[in-house]
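Colleague: Okay, here's the structure, questions in a sec.
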Amino acid sequence: MDSVIPWGEWTALVEPHYFNGKRGRRPVPVETMLRMYLLQVWFNLSDEAVEDAVNDSYAMWQFMHLDFGVRQVPDATTLLHFRHLIEKHGLGKAMFDALGCVFEANGWVMRVGTVVDATIIAAPASTKDAEGARDPQMRQTAKGNQWHFGMKAHIGVDAGTGYVHTVTATAANVSDVFGARKLIRADDEVVYADSGYRGIGKRPEITGNAHLNAVEYRIAARKSQLKTMAAPDRVEQNRLSSVRAKVEHPFLILKRDFGFAKTRYRGIAKNLNRLHVAFASANLLMRARAVAIMTG
């Protein structure tokens, strides 16, 4: 990750909002704080836990580029202020968008269509907190025979490469179909989705938009329908499923590699900021792995 992150572009986004150091103690360099913040996102750690982890882990200490003879690990309060600065100015989305421009400039995005999907991110349902209440922006929804409380992460993935190009978030009770309209790019001609998006082409927000109404929606058939399909149709469904499967890889990285299966912060906005940073990192991780395969 150290070698593939566009440090220059990302630090340049933070610097205009960073502390100028004219008063008080000398501020920690922007890149140092950005590295610490990324470790927090990747390892799903609290502010205090990141500070302890960097002190304990040689690998993290190396990633931070710290010389303990000159500078100590920034404390948890310093990271807290930096995280709030990122959230306040929407820099998570800015970093995600800047990375998207890098991918576009290098020709790593094919733009042959978009795959859309959503996943539930659980939120603490307990009321044993300072407010004595659950997060008011989170909602409850049923999936199968199980109820979930939390939010949904909606993503649009480039159908050719599998890189995430758009991220949105809603409460868990918002339908996947409703969130899909914000995931379609202006030049998309085809959209792939699972059976949960059936009927998307008939929704008023789609039919009322000239571009969205012209898009071809290739929606998966329900499992019950597959049994009655002719063999050629089943083969076609299997072919399309290989395209739709590309959207699952970023979710796998988000939840398994980065541990973002449950919200750490209250409110949609803070968690959406973290989602943007996490999916930008997921794109970089997928790119690094692809390059390693091609060169190795």
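The values are calculated or read from the model by the stated rules, or taken from the named source; none is laboratory data. Computed from a predicted structure; not experimentally measured. Don't worry about glycine lacking a Cβ; one is built from the backbone with ideal geometry, like all the others, and counts go over all protein chains shown.
Colleague: Test residue 244 against the stated conditions and say whether it is over 30 Å from residue 262 (Cα atoms) and assigned to a helix (DSSP H, G or I).
Modeller: no
Colleague: Going by what's in this entry, would residue 260 be described as buried (at least 19 other Cβ atoms within 10 Å of the Cβ) and in contact with a Ser or Thr (Cβ under 8 Å, 6 or more places away or on another chain)?
Modeller: Here the answer is no, as residue 260 does not meet what is asked.
Colleague: Turning to a different aspect of this structure: So which residues in segment 113-129 are over 21 Å from the mean Cα position of the chain (by Cα) and of a type outside the set (Ser, Thr, Tyr), if there are any at all?
Modeller: 125, 128, 129
Rundown of residues vs (1) outside the structural domain of residue 290 (by TED's automatic domain parsing); (2) farther than 16 Å from residue 95 by Cβ; (3) surrounded by fewer than 14 Cβ atoms within 10 Å (Cβ to Cβ); (4) not aliphatic (A, V, I, L, M), yes/no style:
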residue	(1), (2), (3), (4)
27	yes, yes, no, yes
34	yes, no, no, no
37	yes, no, no, yes
60	yes, yes, no, no
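Colleague: A follow-up question, please. Based on this model, can you work out whether residue 65 counts as of a type outside the set (Phe, Trp, Tyr) and modelled with pLDDT of 95 or more?
Modeller: For residue 65, the condition - of a type outside the set (Phe, Trp, Tyr) and modelled with pLDDT of 95 or more - is not met.
Colleague: Determine whether segment 162-170 contains at least one residue that is of a type in the set (Phe, Trp, Tyr), closer than 22 Å to residue 249 by Cα and under 21 Å from the mean Cα position of the chain (by Cα).
Modeller: Within segment 162-170, one or more residues are of a type in the set (Phe, Trp, Tyr), closer than 22 Å to residue 249 by Cα and under 21 Å from the mean Cα position of the chain (by Cα).
Colleague: Yes or no: segment 66-82 includes at least one residue that is closer than 22 Å to residue 275 by Cα and in contact (Cβ under 8 Å) with a residue 60 or more places away in the chain.
Modeller: The answer is no, given that none of the residues of segment 66-82 is closer than 22 Å to residue 275 by Cα and in contact (Cβ under 8 Å) with a residue 60 or more places away in the chain.
Colleague: Sticking with this one: Of all residues in segment 130-148, which are closer than 16 Å to residue 268 by Cβ, free of Cβ contacts under 8 Å to residues at least 60 places away in the same chain and within 23 Å of the chain's Cα centre (by Cα)?
Modeller: Within segment 130-148, 136, 139, 140, 141, 148 meet the criteria.
Colleague: Considering each of 102, 41, 50 in turn, give the residue that is within 14 Å of residue 281 (Cα to Cα), modelled with pLDDT of 95 or more and not aromatic (Phe, Trp, Tyr).
Modeller: Going through 102, 41, 50 in turn, just one is within 14 Å of residue 281 (Cα to Cα), modelled with pLDDT of 95 or more and not aromatic (Phe, Trp, Tyr): 41.
Colleague: With the checklist (1) loosely packed, with under 13 Cβ neighbours inside 10 Å; (2) more than 21 Å from the chain's Cα centre (by Cα) in hand, flag the one item residue 186 doesn't pass.
Modeller: (2)
Colleague: Go through the residues of segment 100-112 one by one and say whether even a single one is of a type outside the set (Ser, Thr, Tyr), closer than 21 Å to residue 169 by Cβ and touching a helix residue (DSSP H, G or I) at 6+ places or on another chain (Cβ under 6 Å).
Modeller: The answer is no; no qualifying residue exists.
Colleague: Which count do you get for residues in segment 179-212 that are part of a helix (DSSP H, G or I) and farther than 20 Å from residue 238 by Cα?
Modeller: Number satisfying all stated conditions: 15.
Colleague: Would you please name the residue that is modelled with the lowest pLDDT, looking only at residues in segment 105-143 that are among the charged types (D, E, K, R) and surrounded by 14 or more Cβ atoms within 10 Å (Cβ to Cβ)?
Modeller: If we take residues in segment 105-143 being among the charged types (D, E, K, R) and surrounded by 14 or more Cβ atoms within 10 Å (Cβ to Cβ), then 111 is modelled with the lowest pLDDT.
Colleague: Test residue 170 against the stated conditions and say whether it is hydroxyl-bearing (Ser, Thr, Tyr), assigned by TED's automatic domain parsing to the domain that holds residue 155 and without any contact (Cβ under 8 Å) to a residue 12 or more places away in the chain.
Modeller: no
Colleague: For segment 197-240, name all the residues that are touching a residue at least 60 places away in the same chain (Cβ under 8 Å) and either farther than 15 Å from residue 183 by Cα or more than 28 Å from the chain's Cα centre (by Cα) (or both).
Modeller: Those that are touching a residue at least 60 places away in the same chain (Cβ under 8 Å) and either farther than 15 Å from residue 183 by Cα or more than 28 Å from the chain's Cα centre (by Cα) (or both): none in segment 197-240.
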